[in-house]
Amino acid sequence: MKLVLRGHHLLCLKGFQGYGYNDDFVENMKFINSKRKDNTTTISLTNSADDICSSCPNLKNNLCENEIQNNNINKMDKEVLKKIDSKKEYNSVELFNKIDQIFNTKESVSKICFNCKWHEKCLFYQKLSNNR
């Protein structure tokens, strides 16, 4: 399977535990999260709406309907994609291993995760907070 994911969603998937905007979004996130753990899955990166966004109730005309939120999301993507070659297609398991190496402290994700509305519930962020 091939997935298309925006930069910050690489971190979101690591911390996902079942919360979301609605049931459709949560089910899609569960599906993608299971596929990203499959060694036969490949991932292409983007800085625009992706396979996760496709189930978001806030997605309108391929953008988050709230302009401020859309700008914040773009900034989060940029921070992640600065560290990863977005023109390359990745094996999913290898990519997420790389993510673990790059984003392994709270400081390494501070510009990405801190302003996220889910950071208090995110297992990935909480683990980094505990690893200080």
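The values are calculated or read from the model by the stated rules, or taken from the named source; none is laboratory data. Source: prediction; values computed, not measured. No Cβ is skipped: glycine too gets one built from the backbone with ideal geometry, and neighbour counts run over all protein chains shown.
Select, from PHE114, PHE96, the only residue that is within 15 Å of CYS12 (Cα to Cα), of a type in the set (Phe, Trp, Tyr) and at pLDDT 95 or above. Give the steps one after another, and end with the answer.
Working: PHE114 fails: at pLDDT 95 or above.
So the residue among PHE114, PHE96 that is within 15 Å of CYS12 (Cα to Cα), of a type in the set (Phe, Trp, Tyr) and at pLDDT 95 or above is PHE96.
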Name, by its number, the condition in (1) in a helix (DSSP H, G or I); (2) polar (S, T, N, Q); (3) surrounded by 15 or more Cβ atoms within 10 Å (Cβ to Cβ) that does not hold for SER44. (1)
Condition (residue is surrounded by fewer than 16 Cβ atoms within 10 Å (Cβ to Cβ), at pLDDT below 90 and assigned to a loop (DSSP other than H, G, I, E, B)) applied to the stretch 85-93: is it met by at least one residue? no
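What residue, of THR42, THR105, THR46, is hydroxyl-bearing (Ser, Thr, Tyr) and under 14 Å from the mean Cα position of the chain (by Cα)? Spell out the reasoning first.
On the way: THR42 fails: under 14 Å from the mean Cα position of the chain (by Cα); THR105 fails: under 14 Å from the mean Cα position of the chain (by Cα).
Being hydroxyl-bearing (Ser, Thr, Tyr) and under 14 Å from the mean Cα position of the chain (by Cα) holds for just one of THR42, THR105, THR46, which is THR46.
Condition test on GLY7, is it surrounded by 19 or more Cβ atoms within 10 Å (Cβ to Cβ), within 15 Å of TYR90 (Cα to Cα) and in contact with a helix residue (DSSP H, G or I) (Cβ under 9 Å, 6 or more places away or on another chain)?
Here the answer is yes, as GLY7 does meet what is asked.
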Given (1) within 22 Å of TYR19 (Cβ to Cβ); (2) at pLDDT below 95; (3) among the hydroxyl-bearing types (Ser, Thr, Tyr), identify the lone condition not met by SER55. (2)
Return the pairs, sorted by first residue and then second, in which the second residue is at pLDDT 80 or above and surrounded by fewer than 15 Cβ atoms within 10 Å (Cβ to Cβ), the first residue lies in the stretch 116-128 and is assigned to a loop (DSSP other than H, G, I, E, B), the beta carbons are less than 6 Å apart, and the residues are 6+ apart or on different chains. LYS121/TYR19
So ASP50 passes all but one of these: (1) closer than 18 Å to PHE16 by Cβ; (2) of a type in the set (D, E, K, R); (3) not in a loop (DSSP other than H, G, I, E, B). Which condition number does it fail? (3)
